[in-house]
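What follows is a short report on a single structure.
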């Protein structure tokens with residue numbers, strides 16, 4: 001999203017014209033990947049009847065600034081509709 005390393009360099013980001021919004025990055029990794037593997041009818045979005053593989057992030061990264069993404073943690077992982085990881089348990 002920022003193309004800036006953990007050390008804050010480069011200040012303007014590496015090739016800043018190639019930055020993606022969080023929404024575009026998530027879409028590329030979800031729906032984009034499902035499209036590439038020709039599995040849009042089974043994966044890529046959360047919908048009834050589709051594979052339920054997803055993570056729950058905490059705190060919600062969408063309303064936060066891009067720099068705060070490093071503070072986001074996985075709170076839960078669901079694979080095949082079953083919880084496979086839950087933080088704090």
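Just a few scattered comments:
- Fully extending the segment from residue 68 to residue 17, taken as 0.36 nm per residue of separation minus the present Cα-Cα distance, adds 16.3 nm.
- Note on the chain: Cα-Cα pairs beyond 19 Å make up 54% of the total pair count.
- Net lengthening on full extension, residue 83/residue 38 (0.36 nm per residue, minus Cα-Cα): 13.6 nm
- Across the chain, the mean sequence separation of Cα contacts (distance under 8 Å, 6 or more residues apart), normalised by length, yields a relative contact order of 19 percent.
- Cα gyration tensor of the stretch 39-87 - equivalent ellipsoid semi-axes, whole Å, descending: 24, 14, 7
- Extension gain (nm, one decimal) between residue 52 and residue 2, 0.36 nm per residue minus Cα-Cα: 15.1 nm
- Only DSSP H runs of four or more residues enter the estimate; each adds -39500 (n - 2.57), and after division by the residues of the chain the mean residue ellipticity at 222 nm equals -2000 deg cm²/dmol.
Only the coordinates and a few stated rules stand behind these numbers; no lab work does. Predicted model, so just to flag it, every value in this text is computed and none were measured.
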